[in-house]
1. Please go through region 139-157 and give me each residue that is under 17 Å from Trp189 (Cβ atoms) and charged (D, E, K, R), ordered by number.
2. Quick one: is Leu322 surrounded by 18 or more Cβ atoms within 10 Å (Cβ to Cβ) and of a type outside the set (Gly, Ala, Ser)?
3. Can you pull out the residues in region 449-463 that are free of Cβ contacts under 8 Å to residues at least 12 places away in the same chain, over 41 Å from the mean Cα position of the chain (by Cα) and more than 10 Å from Gln511 (Cβ to Cβ)?
4. Looking at Val568, Val559 in this structure, which one is in contact with an Asp or Glu (Cβ under 9 Å, 6 or more places away or on another chain), surrounded by 12 or more Cβ atoms within 10 Å (Cβ to Cβ) and not small (Gly, Ala, Ser)?
5. Do the conditions hold for Thr478, that is, is it in contact with a Gly (Cβ under 6 Å, 6 or more places away or on another chain) and surrounded by 12 or more Cβ atoms within 10 Å (Cβ to Cβ)?
6. Look at Gly149 and say whether it is in contact with a strand residue (DSSP E or B) (Cβ under 9 Å, 6 or more places away or on another chain) and open to solvent by less than 70 Å² (accessible area, probe 1.4 Å).
7. Do you know which residues across region 45-58 are over 17 Å from Met116 (Cα atoms) and touching a strand residue (DSSP E or B) at 6+ places or on another chain (Cβ under 7 Å)?
8. Could you look through region 386-414, keep only residues that are open to solvent by 40 Å² or more (accessible area, probe 1.4 Å), in a loop (DSSP other than H, G, I, E, B) and over 18 Å from Leu296 (Cβ atoms), and pick out the one that is modelled with the lowest pLDDT?
Amino acid sequence: MLCFSPSIKGQEELHYTGPFQVGNYTGEVDYTYQINNGDTLLQGPFNFRRSNLGALLNQKDKTFSFSGDFIDGYPNGPWQFLFGEFESDKKTEVVGYQYRVNINGIQKEAKGNISMGKPDGLWTISEALIADSKIKETLFRSTINYADGVPQQSFRIEYGKSTLVGRFLRNGLAHDDWTMFGEGSTETWTFDDGVLTDIQLGTEEERKSIPIYQESFGTFKIINLDTRFSQLLKLQLSENDAHSLQEGITMVLDENASHYKKLDDILSQLGPSEFMPMFKVKVPYAPLDSVENKQLVKIKNSYEDAQRLAKGLLENTQLNLLKRSDNEAQFLYEVVQHLNTFFVGPLKKLVSYQQQDVLDYATREQLMNHLFPEGVPSKRVSVSQGVEELQFFELEDSDNYEFEAPAYESLSQIAQYANESLRHIADLLYKKVENEQQQQEFVTLEARMITQINQLNQVIDSTEASGKVLQAMESIKTQAENNLNSYSTLAKTEGKLENAQLLVGCLNTFQNLAQNIGSLPQKALEIQELYKDAVWNPFMANIMDEEVKKRITIAYHNVLIPHILKQVNSDLGCDKAIVLNRLLVNLHNRMLQLRDEDTAKLERKLRKERNPNTVMELFNLQPLEK
């Protein structure tokens, strides 16, 4: 990461050429710089680029080239940015002493002058479709004049089949008509010293005029004409009008801003930069007071709870099934749908506006009309039950909620009412579905138990074991059957579900233990082969295998494994099975480790030791009992 310091003069300039990364861009760079108090300060020409001919010929290549100058760490002077995404037709020709290859793809270019991190003068940004190494179509083109970062004079933005033209005052405020010419229709925003007064859209034969800020407003604030302003516009418009504007001037401005944002992200990682276009507009300013801000916090909390409750109820599969056979559940489900649409939905918009810092620029009346175009909802929710029959839902203490209060108090009351209504309905519905859910969980768990018992029997039947190993596996099977029989005699009470969940885990542990016990003969052979060394026998004149570290293998075969099998046959429970499983795995791993360790001291201690727990301690294993 590059760090920057205030201007310094007379220090030695250094030069770097080599690999470099800025954000997601990795390539080769060439620049000069100075070191000031340990910080890297870019100074002079800067060139950063990437292209890969091999990638182009094989599949696709993403190229870029950034070139310009820095003064005291600030981007300054002429700059050019090129971005390309190309593929070739894999046909080449020789022209003079060079190979040439045709490319197809997208070429993006931005060029202009920067003054200490800000656009200055004419900036042109374009995006073109390239076919056979020629521009086939201009997809986007923006030409804007700046003075020290402030947009000036006339501008022009072409995007697809549309062209937007407009102009600014010297202070960057939007002024006069901004018109977007499309295919057979136009959209015009009329500004007066930064104030959007009117929007006209349609064809020559049929045009619609939408008044915006028609009346003068005393207190105003200058803001950027960006996404926040687009949200403010929605507060002024009907839903249909707002939808009509989505693919008009708003869309073109958003596309232009996205191109500038890409450049600003790059420049801001190289030095101080303010490269966004900064179109300015005036809007009325009516900031929330301290009481309203506190009410907004309550609204947000109530909304989040209500949204969670509504989502949980509407997406509950058991409830969706239950409402098909239970009339009361069907009625309450439809009440939840109503509350979600007419209470929670508008509150969601409100919270979104708060997050986008829009609320300080909307009048209270304007906000309420936008959130509730048909008026604030009724506390009494009606649901149709048949052709003429209606059912109603209303909280018993509904009189305590005042929906006709001042805007934010009213919104707070609406949010609390929605939350409490949904909480009350959730209590009723979840009690209804609880039995259904519990019954379904019993069916699932009990089916799994039978599967586990069958799998356990299959493990035992398919193991070619005998003697004490087979006896231990049969003991596991017997204990599993006993546990299942004990469960089957339990009455269906609240505690039985917990017992079912525990038994499923226990049977899984028994199955793992049976598999570990069944693999002991194979693991014993593995240990036997591991603890052998090839030695020369002078009497037979050949190489023979000789057992090594016998005291360790004797302790394993004659002390530890018999002890573990004995434990399996004695009072085997779920917790004990978990411990034995862990011990069998750890013991095998320890035997593999001891083969390569210096065990002379251990072998001396094992000479006459027959106590299993002591042997386990000597093996650095946790004994079964202290």
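1. Arg156
2. Judged against the criteria, Leu322 is a match.
3. Matches in region 449-463: Asn454, Asp461, Ser462.
4. So the residue among Val568, Val559 that is in contact with an Asp or Glu (Cβ under 9 Å, 6 or more places away or on another chain), surrounded by 12 or more Cβ atoms within 10 Å (Cβ to Cβ) and not small (Gly, Ala, Ser) is Val559.
5. For Thr478, the condition - in contact with a Gly (Cβ under 6 Å, 6 or more places away or on another chain) and surrounded by 12 or more Cβ atoms within 10 Å (Cβ to Cβ) - is not met.
6. Criteria met by Gly149.
7. Those that are over 17 Å from Met116 (Cα atoms) and touching a strand residue (DSSP E or B) at 6+ places or on another chain (Cβ under 7 Å): Asn47, Phe48, Arg49, Arg50, Ser51, Asn52, Ala55, Leu56, Leu57.
8. Filtering region 386-414 for residues that are open to solvent by 40 Å² or more (accessible area, probe 1.4 Å), in a loop (DSSP other than H, G, I, E, B) and over 18 Å from Leu296 (Cβ atoms), the one modelled with the lowest pLDDT comes out as Val387.
The values are calculated or read from the model by the stated rules, or taken from the named source; none is laboratory data. Everything numeric in this text was worked out from a predicted model, so none of it was measured. Because the Cβ atoms are built from the backbone with ideal geometry, glycine has one as well, and the counts that use them run over all protein chains shown. Just so you know, the surface numbers come from the protein's heavy atoms only, side chains and all, with ligands and any DNA or RNA stripped out. Shrake-Rupley method; radii C 1.70, N 1.55, O 1.52, S 1.80 Å.
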